[in-house]
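S.K.: Here you go, one structure.
The values are calculated or read from the model by the stated rules, or taken from the named source; none is laboratory data. None of these values were measured; they are calculated from a predicted model. Glycine also receives a Cβ, built like all others from the backbone with ideal geometry; neighbour counts cover every protein chain displayed. The accessibility values were calculated without ligands, DNA or RNA, using every heavy atom of the protein model including side chains. Shrake-Rupley method; radii C 1.70, N 1.55, O 1.52, S 1.80 Å.
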Amino acid sequence: MKPLILQSDFGLDDGAVSAMHGVAYSVNPDLPIYDLTHNIPPYDVWEGSCRLVQTVNYWPKGSVFVSVIDPGVGSQRLSVVALTDTGHYIVTPDNGTLTHIATTFGIREAREIDESVNRLPGSGESYTFHGRDIYAYTGARLASGAINLEGVGPRTDEIVTFPVTVPSREGNQVTGTIDTHDVRYGSLWTNIPRPLFRELGIAHGEYALVHVANEGEDVYSAPLRYGRSFADVSIGEALIYVNSLDNMAIAINRGSFAKAYNVGQGIHWTVDFTYPIAGV
């Protein structure tokens, strides 16, 4: 018996999430079921991809994640189970949800869900709630040991992923993208890993020039202190820090950087860190 962890954009205002729990318990009433989040913005597959990579590797190997952000429900998009190189299972529509898992951890194998056997009995005429009828049901069967990976369905070698920008360094500058936000606090989480940033030779307490752009249009440019924590700067002051994913991030101490400067997320939002700063 393995943990089953659910993620969706369903919210908690109606019975959708509860129905997924109920279906999973109907497979095995002793199944341990947990929620990652159900507050993914509606239809935001990119955000779902980011939240998976934020979480998956902190669960034991063999854990089964069900992620349902599915604007194409009922269409020809595939339903899959992916086994990651870290030994975790992701049950999801094949619509880009696996992007960050594939680029960060790697996918060892993927299987198309055979709905003739892995679908809630009696649900065959329902085409708009696959989160309940296919994904929660299949995830529960996998987590409970009722099926193994081979029992999911035929192997598939094609996984849909979004384009991503690989972070890079050129001289005294590192460049990446704003992958997502620390939602509650409005910090900007980049895809630039700490080791790449540290190749610039910067030390805590020193300043790097931060430049944020959206599709090439300047949005923000200023020198910011590289701090260990938010307490290294005054309230209301911005800083650079290392987030919980060991990537570089930008925040305002007790404020929202994203709201203050109207910064979004995704591959069109780029960020540069330059150190040392010319003339400083």
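S.K.: Distances longer than 13 Å among the Cα atoms of the stretch 98-166: what percent of all pairs is that? Numbers along the way, then the final one.
M.R.: On the way: 1613 of 2346 pairs.
Roughly 69 percent, once rounded to a whole number.
S.K.: Carbon and sulfur: what percent of the stretch 167-278's accessible surface (1.4 Å probe)?
M.R.: Carbon-and-sulfur percentage of accessible area, whole number: 47.
S.K.: Over the stretch 30-101, with the other protein chains present, what is the accessible area per residue in square angstrom, probe 1.4 angstrom?
M.R.: Details: 2480 Å² over 72 residues.
The answer is 34 Å² per residue.
S.K.: Let me check something: with ligands and nucleic acids excluded, how do Phe197, Phe162 order by accessible area (1.4 Å probe), largest to smallest?
M.R.: On the way: Phe197 0, Phe162 70 Å².
Final ranking, largest accessible area leading: Phe162, Phe197.
S.K.: Do any chymotrypsin sites (Phe, Trp or Tyr not before Pro) in the stretch 14-94 lie in a loop, going by DSSP, with at most 14 other beta-carbon atoms within 10 Å of their beta carbon, and if so which? Before the final figure, lay out the partial values.
M.R.: Details: sites: Tyr25, Tyr34, Tyr43, Trp46, Tyr58, Phe65, Tyr89; in loops: Tyr43.
Filter output for the stretch 14-94: Tyr43.
S.K.: Another one. Could you size up the charge dipole of the chain around its Cα centre, putting +1 on the beta carbon of Lys and Arg and -1 on that of Asp and Glu, and report it in debye to the nearest 20?
M.R.: Values: 18 positive and 31 negative charges, 144 e Å.
Its charge dipole is roughly 700 debye.
S.K.: Rounded, prolate or oblate, given the Cα gyration tensor of the chain, with a/c below 1.5 counting as rounded? Mind dumping the intermediate values first?
M.R.: On the way: a/c = 2.41, a/b = 2.21, b/c = 1.09.
Prolate.
S.K.: A further question follows. For the stretch 140-228, what is the accessible area per residue in Å² when the probe is 1.4 Å?
M.R.: Values: 4670 Å² over 89 residues.
Result: 53 Å² per residue.
S.K.: Still on this structure: Hey, with R₀ at 25 Å, roughly what FRET efficiency would Ala146 and Arg194 work out to, going by the Cβ-Cβ distance, to 0.05? The partial results should precede the final answer.
M.R.: Working: r = 41 Å, r/R0 = 1.65.
The pair Ala146/Arg194 has a calculated efficiency of 0.05.
S.K.: At 0.36 nm per residue, and after removing the present C-alpha to C-alpha distance, how many nm does the segment from Ser244 to His204 gain when stretched out fully?
M.R.: 12.7 nm
S.K.: Of the beta bridges DSSP finds with both residues in the chain, what % are antiparallel, to the nearest 5? Intermediate results must be reported in sequence, preceding the final value.
M.R.: On the way: 47 of 61 bridges.
Looking only at bridges with both residues in the chain, the antiparallel portion is about 75 percent.
S.K.: Something else about it: Which residue, chosen from Ser26, Val164, Gly266, occupies the Cα position most advanced towards the positive end of the dipole of the chain, where the dipole is computed from +1 (Lys, Arg) and -1 (Asp, Glu) charges on Cβ about the Cα centre?
M.R.: The residue sitting most towards the positive pole is Ser26.
S.K.: Moving on to the next point. Could you work out the relative contact order of the chain? I mean the mean sequence separation of Cα pairs under 8 Å and 6+ apart, divided by the number of residues, in percent. Numbers along the way, then the final one.
M.R.: Details: 605 pairs, mean separation 44.0, N = 280.
Computed over the chain, the figure is 16 percent.
S.K.: Calculate, in nm to one decimal, what Tyr58 and Leu12 gain on full extension: separation in residues at 0.36 nm each, minus their alpha carbon distance. All intermediate terms of the calculation are to be shown ahead of the outcome.
M.R.: Details: separation 46, 0.36 × 46 = 16.56 nm, distance 2.44 nm.
Between Tyr58 and Leu12, full extension yields 14.1 nm more.
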